[in-house]
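Peer 1: Shown below is the structure under consideration.
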Amino acid sequence: MQDLIGYVLFCAVLTAGGWVLAPFMARVYAGERSFLSPVLGPVERGLYRLCGIDPGVRQSWRGYALALLAFNLLGFVALYLILRLQQFLPLNPQGIGAISPDLAFNTAVSFVTNTNWQAYSGEAQLSHLSQMAGLTVQNFVSAATGMAVGVAVIRGFTAPKGVGLGNFWADMTRSVLYVLLPLSVILAILLILQGVPQTLLGGAHATTLEGAQQVIPRGPVASQIAIKQLGTNGGGFFGANSAHPLENPTVLSNMAQCLSILLIPVGFCFLFGRMARDRRQGWAIYAAMGVLFLAGLLAIWLGESGGNPALGLASNLEGKEMRFGTGLSALWAEVTTAASNGSVNAMHDSFMPLAGMVPIINMAIGEVIFGGVGSGLYGMLLYVVLAVFLAGLMVGRTPEYLGRKIEGREVTLAMLAFLSMPLGILVGGAISVTVPTAAAAIQEAGPHGLSETLYAYASAVGNNGSAFAGWGAALPWQTTALGLLMILGRFAIIVPMLAIAGSMIGKQQSPVTAGTFPTHGPLFVTLLVLTVVILGALTFFPVLALGPVAEQTALSAGQTF
Amino acid sequence: MMTHIRPALAMLVAMILLTGLAYPLAMTGLARAVAPGLSQGSLVERNGRIVGSALVGQQFAGPGYLHPRPSAVDYATMPGGASNLGPTSAQLKEQVAGRRATYEAQNGASAPADAVTASASGLDPDISPENAQAQAARIAGARGIDAAIVQQIIRQHVTRPLWGLYGQSRVNVLRTNLALDLAAPMPPAGAD
């Protein structure tokens, strides 16, 4: 009961936070003045001048996409080089060496695509400079890239005739300066006050009360954790991520981080309503996401609340921290996989089978339950296109959304984007469990081994980054395959969505008639939720039956592997 | 594509300077000014020597100390980590049974769940109050004091859920053990 009341309060605060943030973001993306303009306006203009950018230039969807791809490609190269050369660079108090080419490729792709999959342990393998100038930078700009695409796609669906998709450079810069950076400063200060280290010093050497030697790892942690959550990145400073007591030391730090993960994604729902000049449209998207969120949360909570009878555990505390217990671990698992965050405060590999299945589903449907910053909303708009198309088929009318016709081109592009998920997860996963070199990654015997592989591929393609961490993510096969699939999962959705936005923006607004299907009522919300659930279920049910469902059946029969 | 390379390169360099250097360095400076202890790992000193971090668990095996939870990395910090064993793992089942037998032999009490499971970080600084109290008699025996004193010290170190809603009641092992040493110094054991 304590857990459930806590969840309700959490959702209320989250909703209020997103609701407050939306009008501010609307002003920022419209290029209007806000209360931060006196301080940040000169910085913004200075950046444009320095980079030779005219923020007023409207880009076509192709121009927008090319600018984005160029920026991300260079970001990848820079991060790869920093990781490979860290032993020659400053701010390396522990004297850590270079990381291998395949791991550097995997890590660089992972941070550029906002996945933040960790095949490494930061405290042992990365210098302070790699964490700051490498990972923290991509935490900001990969998040800002997602937000920019989110805003461009919203403009495509909602902007009146004569307004373009916008300018990638302006949208990206404003996301960093006005939204991500100020919120990160606030959260970083709060985390520091809770005990998250923020120092350039290396590890402290302690002699324990019983005389053992212990190194207390330190570094510029708080600044990175703040943006890792706000930007739905999820890559931790430490290998144990937000379960590590120096990354997430208190219950308050836990709640603040949890809230930060979904704050901007929730804000995007309401931003959508504002930009559509019909706030009900934003509430409808929010409601559909909210229903899916609560369903997932309750399923994880129920799955975890009965302990593990097969092991005689009254409470399933394997892989969980005492301060969080099962209640806050369940909340975090839902939050981090509903969003494309991927940080963890408990080890999902040790969750009960059905509780561990929910995160897999959340990721496999594309992280559209609030989702990543920006990416959650454009991901859900993909389902909206499919939902209104299905509704149109049922009544034999050309589907419309916000007064614009959804035609063959948009539906084709939406299906193309949608198919990247099953393609990457099911085909990639199938190869991984078949080829012996790849299958060596599996830690557990029995159906749990399949769940581990499925989780990894869903996480990579969905750009999530969490894992069933017993699985051998560091195998060269897996670092390479997952690296390639992260690129697929990111850009094979971004580019078609921008193309859809590009084709929507020029369309004639058709008048509302008695025959128009309203897209703000409970009927539409239900249809949207069902579209997500049915498409997800049809695609992934067979493999889920062989993994988590089979494991639950075995567990109920008292079988272990 | 090429027309985008120049602004992309300039923007990337600018973002590295702004978000990769200026932001973390400003936060570091601020942290040192306002919270020097908290921002440097919450180190705990005794007699001028660092004995650990209040936030990071450490191993205790002696009979006079509160024992922490099992750790998959044996409280190694570079890096920490979990077992990641699944819920139907035979290996985990065996581990849990082994830990339960050891715990019950040491303490003569049945083992709570947190005493037989490894944490997520391998560095969990806390145990449940039930787990702590079950160890009180053993600790009192080793220190030659009344069990009521140990129980009292444990009670003083219980942290309750935030606002009664979030998290679990817990006892910080290192802080409690420091308090035990202060209240009733151990007979000549330990390397301190």
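Peer 1: Highest first, please rank the peptides B:82-92, A:35-45 by the mean number of other Cβ atoms sitting within 10 Å of their residues.
Peer 2: B:82-92, A:35-45
Peer 1: If each Cα of segment A:378-446 is one equal point scatterer, what is log10 of I(q)/I(0) from the Debye formula at q = 0.12, 0.16, 0.20 Å⁻¹?
Peer 2: Reported log10 I(q)/I(0), two decimals: -0.49, -0.64, -0.79.
Peer 1: Post the alpha-carbon centroid distance, segment B:81-152 to segment A:421-449, in whole angstrom.
Peer 2: 36
Peer 1: Taking the protein assembly as shown as the region of interest, what is the percent of Cα-Cα pairs per 20 angstrom bin, listed from the shortest bin to the one with the maximum distance?
Peer 2: That works out to 18, 51, 26, 4, 0, in percent per bin.
Peer 1: Can I ask one more? Got a sec to turn the phi values of segment A:91-108 into Karplus ³J(HN,Hα) couplings, 6.51 cos²θ - 1.76 cosθ + 1.60 with θ = phi - 60°, whole Hz, x for Gly and Pro?
Peer 2: My calculation for segment A:91-108 gives 6, 10, x, 8, x, 7, x, 6, 9, 5, x, 5, 6, 5, 4, 4, 5, 5 Hz in order.
Peer 1: If you don't mind, another one. Need one number: nm distance between label points at A:Arg62 and B:Gln151, each 7 Å from Cα along Cα→Cβ, rounded to one decimal.
Peer 2: My value for the distance between the label points is 8.0 nm.
Peer 1: On to the next question. If the label point is 7 Å along Cα→Cβ of B:Ala26, which residues in segment A:24-65 have backbone nitrogen under 18 Å from it?
Peer 2: In segment A:24-65, the label zone of B:Ala26 (backbone N under 18 Å from the point 7 Å along Cα→Cβ) covers A:34-48.
Peer 1: Taking each residue in A:48-55, count the Cβ atoms of any other chain within 10 Å of its Cβ, then average. What number comes out?
Peer 2: On the way: counts 3, 1, 5, 9, 4, 4, 1, 0.
That works out to 3 on average.
Peer 1: Let me see the pair-distance distribution of segment A:386-527: every alpha carbon pair, 5 Å bin width, integer percents in order.
Peer 2: Once binned at 5 Å, the Cα pair distances of segment A:386-527 give 2, 9, 16, 16, 12, 10, 10, 9, 8, 5, 2, 1, 0.
Peer 1: Moving on to the next point. How high is the relative contact order of chain B? Use alpha-carbon pairs under 8 Å, at least six apart in sequence, and give a whole percent.
Peer 2: Working: 226 pairs, mean separation 36.5, N = 192.
For chain B, the relative contact order is 19 percent.
Peer 1: Over chain A, what is the mean sequence separation of C-alpha contacts under 8 Å (at least six apart), divided by residue count, expressed as relative contact order in percent? Please list the in-between numbers first.
Peer 2: On the way: 1000 pairs, mean separation 102.5, N = 561.
About 18 percent, as a whole number.
Peer 1: Counting only other chains, what is the mean number of Cβ atoms within 10 angstrom of the Cβ of each residue in peptide A:346-354? Intermediate results must be reported in sequence, preceding the final value.
Peer 2: Working: counts 4, 11, 2, 7, 11, 2, 3, 3, 1.
Per residue, the number of nearby Cβ atoms from other chains is 5 on average.
Peer 1: Using a 10 Å cut-off around each Cβ of peptide B:141-149, what is the average number of partner chain Cβ atoms that fall inside? Could you put the intermediate results ahead of the total?
Peer 2: Values: counts 0, 0, 0, 0, 0, 0, 0, 0, 0.
Rounded to a whole number, the mean comes out at 0.
Peer 1: If you find the alpha carbon centre of segment A:454-488 and of segment A:88-120, how far apart are they in angstrom?
Peer 2: If you average the Cα positions of each part, the centres end up 15 Å apart.
Peer 1: If I model a spin label as a point 7 Å beyond the Cα along the Cα-Cβ vector, how far apart are those points for A:Ala545 and A:Glu407 in nm?
Peer 2: Result: 4.1 nm between the two label points.
Peer 1: Oh, and also: Determine, for each peptide in A:227-233, B:75-81, A:523-529, the mean count of other beta carbons within 10 angstrom over its residues, then list the peptides with the highest first. Provide the component values of the computation, followed by the final result.
Peer 2: Values: A:227-233: 32.3, B:75-81: 21.9, A:523-529: 19.3.
The packing order, highest mean first, is A:227-233, B:75-81, A:523-529.
Peer 1: Using θ = phi - 60° and the Karplus relation 6.51 cos²θ - 1.76 cosθ + 1.60, list the HN-Hα couplings for segment B:120-127 in order, rounded to whole Hz, with x at every Gly or Pro.
Peer 2: These are the phi-based 3J(HN,Hα) values: 6, 8, x, 10, 4, x, 10, 10 Hz.
Peer 1: When the helix-only estimate is applied to chain A (DSSP H runs of n ≥ 4, each -39,500 (n - 2.57), divided by the residue count), what is the mean residue ellipticity at 222 nm, nearest 500 deg cm²/dmol? Each step should come with its number before you reach the end.
Peer 2: Numbers: 21 runs with 335 residues, N = 561.
That comes out to -20000 deg cm²/dmol.
Peer 1: Hey, another quick one. Placing +1 on the Cβ of each Lys and Arg and -1 on the Cβ of each Asp and Glu in the protein assembly as shown, which of A:Ile227, A:Leu21, B:Ala137 has its Cα farthest towards the positive end of the resulting dipole?
Peer 2: A:Leu21
Peer 1: Next question. Label-point separation (nm) for A:Leu393 and B:Trp163, each offset 7 Å from Cα along Cα-to-Cβ?
Peer 2: Result: 4.5 nm between the two label points.
Peer 1: Let me ask another. In debye to the nearest 20, how big a dipole does chain A give about its Cα centre with +1 on each Lys and Arg Cβ and -1 on each Asp and Glu Cβ? Don't jump to the answer; show the numbers that get you there.
Peer 2: Values: 24 positive and 22 negative charges, 418 e Å.
Roughly 2000 debye, rounded to the nearest 20.
Peer 1: Hey, another quick one. Once fully extended, how much extra length lies between B:Asp74 and B:Ala33, figured as 0.36 nm per residue of separation less the alpha-carbon to alpha-carbon distance?
Peer 2: Numbers: separation 41, 0.36 × 41 = 14.76 nm, distance 3.47 nm.
Value of the extension gain: 11.3 nm.
Peer 1: What is the Å³ per residue value for the convex hull set by the Cα atoms of segment B:38-163?
Peer 2: So the per-residue Cα hull volume is 144 Å³.
Peer 1: Additional query: For segment A:491-561, with equal point scatterers placed on the C-alpha atoms only and solvent neglected, what are the log10 I(q)/I(0) values from the Debye formula at q = 0.19, 0.20, 0.28 1/Å, to two decimals?
Peer 2: Treating every Cα as an identical point scatterer, log10 I(q)/I(0) equals -1.01, -1.04, -1.09.
Bear in mind these aren't lab numbers, they're just calculated from the coordinates by the rules spelled out. None of these values were measured; they are calculated from a predicted model. No Cβ is skipped: glycine too gets one built from the backbone with ideal geometry, and neighbour counts run over all protein chains shown.
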